[in-house]
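Peer 1: Let me begin by handing over the structure; questions about it come next.
The values are calculated or read from the model by the stated rules, or taken from the named source; none is laboratory data. Keep in mind it's a predicted model, so treat the numbers as computed, not measured. Cβ atoms come from the backbone with ideal geometry, glycine included; neighbour counts cover every protein chain shown. For accessibility, only protein heavy atoms count, side chains too; no ligands or nucleic acids. Shrake-Rupley method; radii C 1.70, N 1.55, O 1.52, S 1.80 Å.
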Amino acid sequence: MRAEQDAIAWFGDVGIHDRPRVGGKGGSLGELTKAGIAVPPGFVVTTAAFELFLDALEARAPIRAQIEALDATDLDAVTALSQVLRRRVEQEPMPETVEQAIATAHATLCDGGDAPVAVRSSATTEDAEDASFAGLQDTFLWVLGAADTIARVRECWGSLYSVESISYRRKQGLPEDGVAMAVVVQRMVDARTAGVMFTRSPLTGDKSVITIEGAWGLGSAVVSGEVTPDRWVLGKITGEISARDISDKHVEQVPAPGGGIVELPVDQERRQTPCLSDDELQKLRDVGRKIERHYGRAQDIEWAIDKQGALLLLQSRPETVWSTKEPARVAAPEANPLKHVMAIFGGRK
């Protein structure tokens, strides 16, 4: 294995068609980078690195064959096998060539220092147009140092064998030979505000609006449902803000001393203050339209605005709720624009 060439791929060198090599998240971040969208820099630990690691495990005892033999409805059997496989992944030494390649790339990304990074699972079947693995594998935020980054990469590999991930693949009938795990390593955004944006109404399917949801601090609080976000509905073409729903944002997730994140109470002054200005909403609308045009279909986008006011995109995946429905079932524009706002949001990673 040519260590760095095979184990590591930089965002600027890959695109969405490289999903078999860099997974759904890695391919999307590369695609956004190539399209000129502002994305925090990073690299992907490729599926080739994962396969090298998995080959050593398979040589001693099967993994993929055991998963394919499972009955998807037998939760006890899935749970028992998940525990065994994750333990094996945690105990197996990482190939030296892979470990060195990650350490070298980390030094390049962080200018030789310990700048915080996000370590994010990127499965090959993640964020596909007909199925989404979003939220089924691990993500680690504000990771400090190469050694901790390498450890978190191993944990992301292990999360491919979580109960939720195994169950999903078995229910979908996905062959294990087509499943592999890449891992994204990306510079963290010290976010003032973060959230998600849908370029199609997540509730009604209306293509004429964009829904934006956000809260103070890192976006992890929004996507996990720990805080009720502020919500806006904008006309996709006109930019008219037709709905505002400003919530009581009682907590925010921020960097913790020594790495990781911590949840803190929001000061009283900001709790019911909108986390985005109207100008920032229009900037989000503009970039949402640009990404939708690039992909040619509705998108579910994660974004952050740093403490200097810069807008950065963290992920864009195909919208999968309405795209799988019959076109005739797409709702007409609602008289009450608040109906476009999604009440419950699923977890993402």
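Peer 1: Before anything else, pin down the relative contact order of the chain: Cα pairs under 8 Å, at least 6 apart, normalised by residue count, whole percent. Please report the intermediate quantities before stating the final value.
Peer 2: Numbers: 741 pairs, mean separation 67.1, N = 349.
RCO, the chain: 19 percent.
Peer 1: For a protection proxy built on the mean count of beta-carbon atoms within 10 angstrom, sort 96-103, 276-283, 298-305 highest first, please.
Peer 2: Numbers: 96-103: 18.0, 276-283: 15.4, 298-305: 22.5.
Top to bottom by mean Cβ count within 10 Å: 298-305, 96-103, 276-283.
Peer 1: Compare ALA35, ALA151, ALA80 in a GNM of the chain, Cα atoms joined below 10 Å, and give the one with the largest fluctuation.
Peer 2: Comparing ALA35, ALA151, ALA80 in a Gaussian network model of the chain, the most mobile one is ALA80.
Peer 1: Hey, any idea what % of the chain's accessible area is carbon plus sulfur with a 1.4 Å probe?
Peer 2: Ligands and nucleic acids excluded, carbon and sulfur give 51 percent.
Peer 1: Over the range 184-271, consider all pairs of different Cα atoms and compute the Kirkwood hydrodynamic radius from their mean reciprocal separation; express it in Å, one decimal.
Peer 2: Averaging 1/r across every pair of different Cα atoms and inverting gives 14.2 Å.
Peer 1: Report the extension gain between ALA65 and THR238 in nm, rounded to one decimal, defined as 0.36 nm multiplied by the number of residues separating them, less their alpha carbon distance.
Peer 2: Fully extending the segment from ALA65 to THR238 adds 56.9 nm.
Peer 1: Reachable aspartates and glutamates from LYS34, Cα under 12 Å, same-chain residues fewer than 8 places away excluded?
Peer 2: Answer for LYS34, where 12 Å is the Cα cut-off: ASP13, listed by chain and number.
Peer 1: Let me have the relative contact order for the range 189-291, percent, based on Cα pairs under 8 Å that are six or more residues apart.
Peer 2: RCO, the range 189-291: 23 percent.
Peer 1: Quick one: ranking SER121, SER208 by accessible area, 1.4 Å probe, largest first, what do you get? Let's see the in-between values first.
Peer 2: Working: SER121 0, SER208 55 Å².
Largest to smallest exposure gives the sequence SER208, SER121.
Peer 1: Below 8 Å between Cα atoms, with a sequence gap of 6+, how large is the relative contact order for the range 128-226 in percent? Let's see the in-between values first.
Peer 2: Numbers: 92 pairs, mean separation 19.7, N = 99.
Result for the range 128-226 is 20 percent.
Peer 1: Want the number for ARG270 to GLN308: 0.36 nm per residue separation, take away the alpha-carbon distance, what's left?
Peer 2: 11.9 nm
Peer 1: Continuing with this model, one more query. Where only protein heavy atoms count, and the probe is 1.4 Å, what is the accessible area per residue for the chain in Å²?
Peer 2: Ligands and nucleic acids excluded, the figure is 42 Å² per residue.
Peer 1: Right, here's the next one. Of the listed pairs LYS236/LYS307; LYS171/LYS290; LYS171/LYS249; LYS25/LYS249, which have alpha-carbon separations greater than 30 Å here?
Peer 2: Numbers: LYS236/LYS307 27 Å; LYS171/LYS290 35 Å; LYS171/LYS249 37 Å; LYS25/LYS249 28 Å.
Correct reply: LYS171/LYS290; LYS171/LYS249.
Peer 1: Rounded to the nearest 0.05, what FRET efficiency do ASP278 and ASP13 have when you use their Cβ-Cβ distance and R0 = 41 Å?
Peer 2: 0.65
Peer 1: Right, something else. Grab the Cα-Cα distance for THR97 and GLU51, subtract it from 0.36 nm times how many residues apart they are, and report the gain in nm with one decimal.
Peer 2: Details: separation 46, 0.36 × 46 = 16.56 nm, distance 1.29 nm.
In short, 15.3 nm is gained.
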